[in-house]
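Below: one structure, written as structure tokens.
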Amino acid sequence: MPLVNNKVGDDCTVGIDKDLDDGKALVDSLIKVVACYRHLASCVGGCTDSLQLRDELRQTREKAQTLAVAICSHLTSHLRNKSLPEGQRKEMELLWVAFSSSLELLHIDMCKVFYVGDIFSLANTDSLVQTGLQGGGSEVAARALSVPELNQAQSQTLPEGLESQERCIMEQEISQIDHMIDDMEMKVNVMRWMVEPHGPQYAEPFSSTDSASLALHSVDEEQPGQQPLCQRSQIFVLLLLSAVVLVASTLSVCIVLFS
């Protein structure tokens with residue numbers, strides 16, 4: 001009877017679980033950085049737009065791209081592995097959908113910053129929209145970049161050619177993200193509409209919805225020997241309208257008889 005090396009099997013399972021945890025940690029980090037970039041992108045062209053904001057956008061964008069490259073390599077290598085267990089494959093597919101969706105949001109926000117930054121140049125601060133906002137997003141950017149704090153020092157004058165150089169770099173980065181999205185779709189065949197979300201994070205909304213439905217059902221449920229509130233209201237309105245019509249008819253008859 002052949003012997004089964006359980007230690008080897010356990011080591012493989014532990015290795016796969018570790019890879020899955022690493023993938024989750026990377027995707028979670030990317031989601032936070034992309035959310036931070038979206039927050040900063042909403043300030044471009046507004047009264048809080050400045051050289052510091054553009055620098056924070058650049059640093060956040062670089063962090064997101066570094067994470068995206070690492071995640072793409074990590075998930076691609078595992079999803080193209082034919083021997084990956086079914087349970088782990090589903091988890092990896094969930095991470096793949098979250099990653100690809102975050103990457104598309106990053107691409108959209110990068111395009112927004114690219115075009116809005118061209119309209120509202122820092123060389124002419126008078127053209128910035130007075131939104132009434134105060135302060136910047138340094139604290140948000142610092143948390144997303146996992147650094148204690150960002151440098152608050154800011155030059156008052158715009159270096160010559162800085163904006164045009166920044167636009168050229170952004171144009172290249174947008175093209176790289178666009179190419180990464182197309183490339184990942186070609187390497188891994190994961191249909192998003194076939195990936196079903198599951199887990200504890202999706203259980204609470206359904207339970208609260210069910211509780212609310214039960215509560216509404218208990219309120220609307222008819223009590224024995226009592227009429228529902230809506231039916232009593234309708235009966236009262238009908239009686240009131242009938243009384244008005246009756247009074248109007250009586251007055252009309254009286255006017256005709258005594259005229």
Return yes or no: is CYS72 part of a helix (DSSP H, G or I) and surrounded by fewer than 19 Cβ atoms within 10 Å (Cβ to Cβ)? no
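Here is a yes/no grid of residues against (1) modelled with pLDDT of 60 or more; (2) over 22 Å from the mean Cα position of the chain (by Cα); (3) among the polar types (S, T, N, Q):
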residue	(1), (2), (3)
LYS90	yes, no, no
VAL113	yes, no, no
PRO148	no, yes, no
GLN165	yes, yes, yes
GLN172	yes, yes, yes
Out of curiosity, is ILE16 assigned to a helix (DSSP H, G or I), over 30 Å from GLU166 (Cβ atoms) and either in contact with a strand residue (DSSP E or B) (Cβ under 6 Å, 6 or more places away or on another chain) or not basic (Lys, Arg) (or both)? yes
SER50 passes all but one of (1) surrounded by fewer than 16 Cβ atoms within 10 Å (Cβ to Cβ); (2) at pLDDT below 85; which number fails? (1)
Filter region 53-69 for residues that are open to solvent by 50 Å² or more (accessible area, probe 1.4 Å) and within 22 Å of the chain's Cα centre (by Cα); the one that is nearest to ILE181 (Cα to Cα) is VAL69
Which of the numbered conditions does SER121 fail, given that it passes all the others? Conditions: (1) surrounded by fewer than 20 Cβ atoms within 10 Å (Cβ to Cβ); (2) part of a helix (DSSP H, G or I). (2)
Can CYS43 be described as surrounded by 19 or more Cβ atoms within 10 Å (Cβ to Cβ), farther than 22 Å from ASP28 by Cβ and among the hydrophobic types (A, V, I, L, M, F, W, C)? yes
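The values are calculated or read from the model by the stated rules, or taken from the named source; none is laboratory data. What you see is a predicted model, and the numbers here were worked out from it, not measured in a lab. Cβ atoms come from the backbone with ideal geometry, glycine included; neighbour counts cover every protein chain shown. All accessible areas refer to the heavy atoms of the entire protein, side chains included, with ligands and DNA or RNA removed. Shrake-Rupley method; radii C 1.70, N 1.55, O 1.52, S 1.80 Å.
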